[in-house]
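In what follows, a structure is listed as structure tokens, so that the remarks can point back to it.
The values are calculated or read from the model by the stated rules, or taken from the named source; none is laboratory data. It should be emphasised that the depicted structure is a prediction, and the values quoted were computed from it without experimental measurement. In this analysis, Cβ positions are derived from the backbone assuming ideal geometry, glycine residues included, and neighbour counts consider all displayed protein chains.
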Amino acid sequence: MTSPPALAYAFRRVAYSIHPDDLGSLLPSEPPYRASQLRRWLYVTPVLDPEDMTNLPAAVRREIRLWPFRVVADQVGDNGTTRKWLFEADDGAQYEAVLMGYPRRTTLCISSQAGCALGCTFCATGQFGFERHLEPGEIVAQVAYAQAFLRQIGLPGSPDRLTNVVFMGMGEPLANYNRVREAIRRMIEEMGMSARSITVSTVGMVPGIRRLADEGWPLNLAISLHAADDELRSRLVPINRRYPISDLEEAAKEYAAKTGRRVSIEWTVMDGVNDIPEQARLLADIARRIRAHVNLIALNPTPLSTEKAPSREAMDRFVQILRDMGVNVTVRDTRGRDIDAACGQLRAERGRRQPVSIG
Ligand code: SAH
Ligand code: SF4
């Protein structure tokens, strides 16, 4: 892939940034069926390079810029089964996505904002602050890019298509509700993904959870709880002061009742902070009340946080208390640690990046 001169590149309209119904506006002198062909290339069988859209005339392919970003870093980890991309928009905003391959599935972790305004103490994105919301095209393009990558290049030992998408990259998806909604609509209605294969992770924006429950999509909802009493939670997750645990619990129950989906609870385990037996017992009570599965993830220490990862013993004890109280619990793997691609690490590497290729 060669890059066109920077100026021409910047002025061309970006295909993923245009609403799928309006793609004809990109091709004013072409017959209408060209827009349908382009729509299929964008959403049904995505390709990395416009040149790969083989049924479009060469002149048309040359005029199209697919991606709303440049890929400024492309890192490979876990023996080739994890891939992290750092994207940069024309205005300089950066955001990341991580693709993880397993024998029978592939999971893409995507960003909904460049940065995040919510300031959870232990999160690298939160420590960086908020830059801007991502547009629907910028969100869905992360998914299409991974799909194109899997179709055309692939991860060793994994399916050649995307099976799961999780909103666990940078940003709080429910703080960017309308744009995230349109991105999800395109994943479902244009790309043909099942809502059941998409997970929205939220720090607990209660109004957003209520709206999402009414969309009519059986999306998975993950609630980032991290603490089971309001005092501790408000310290770790400042937005808890606005939406305390009892409100969050109600919204989660309502979500499960309306969508028929189980909710999951995310719990980033921190040494001496929330890995203590008292928190495990309180968490078990909450999980039982909302019938949620609990996902534990050991803290990935970030450069600016004082919290530390838990000891093995504390983690085991925590898991045991939950199990003894009848709660389903999974300890999430730490994929991508070797390339700082694990949760909460995204964007921590700013300043050390290396430009490698153009998307
Ligand atoms: N804003 C949303 C989604 C992005 S964060 C949310 O908070 O849910 C995705 C997940 O990564 C959250 O569960 C978050 O708590 C977790 N996370 C953030 N920083 C982390 C860190 N340093 N180590 C481990 N998990 C972290
Ligand atoms: Fe934002 Fe989620 Fe990080 Fe909190 S954990 S700062 S909500 S990205």
Task: Residue tally, condition part of a loop (DSSP other than H, G, I, E, B) and not polar (S, T, N, Q), over the range 8-60 - done: 17
Open item on the list: Looking at M168, M191 in this structure, which one is farther than 18 Å from I290 by Cα and within 16 Å of ligand 1 (Cβ to nearest atom)?
Closed with: M168
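Matching residues to (1) surrounded by fewer than 22 Cβ atoms within 10 Å (Cβ to Cβ); (2) modelled with pLDDT of 95 or more; (3) in contact with a helix residue (DSSP H, G or I) (Cβ under 8 Å, 6 or more places away or on another chain):
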| residue | (1), (2), (3) |
| --- | --- |
| V200 | no, yes, yes |
| P218 | yes, yes, yes |
| L232 | yes, yes, yes |
| Y243 | yes, yes, yes |
| E266 | yes, yes, no |
Open item on the list: Here is a list: R61, R104. Which entry is free of Cβ contacts under 8 Å to residues at least 12 places away in the same chain and away from ligand 2 (no atom under 13 Å from the Cβ)?
Closed with: R61
- [ ] Give the residue that is nearest to ligand 2 (Cβ to nearest atom), with candidates limited to residues of the range 138-167 that are surrounded by fewer than 23 Cβ atoms within 10 Å (Cβ to Cβ) and within 13 Å of I110 (Cα to Cα).
- [x] V166
Task: The listed residue being at pLDDT below 95 and surrounded by 16 or more Cβ atoms within 10 Å (Cβ to Cβ), out of N274, N300 - done: N300
Open item on the list: Looking at the range 108-126, can you tell me whether even one residue there is modelled with pLDDT of 95 or more, more than 16 Å from ligand 2 (Cβ to nearest atom) and closer than 30 Å to N176 by Cα?
Closed with: yes
Open item on the list: If the requirement is being part of a loop (DSSP other than H, G, I, E, B) and within 22 Å of R323 (Cα to Cα), which of these qualifies: R289, R261?
Closed with: R261
Open item on the list: Of the residues F149, F130, only one is away from ligand 1 (no atom under 13 Å from the Cβ) and of a type in the set (F, W, Y); which?
Closed with: F149
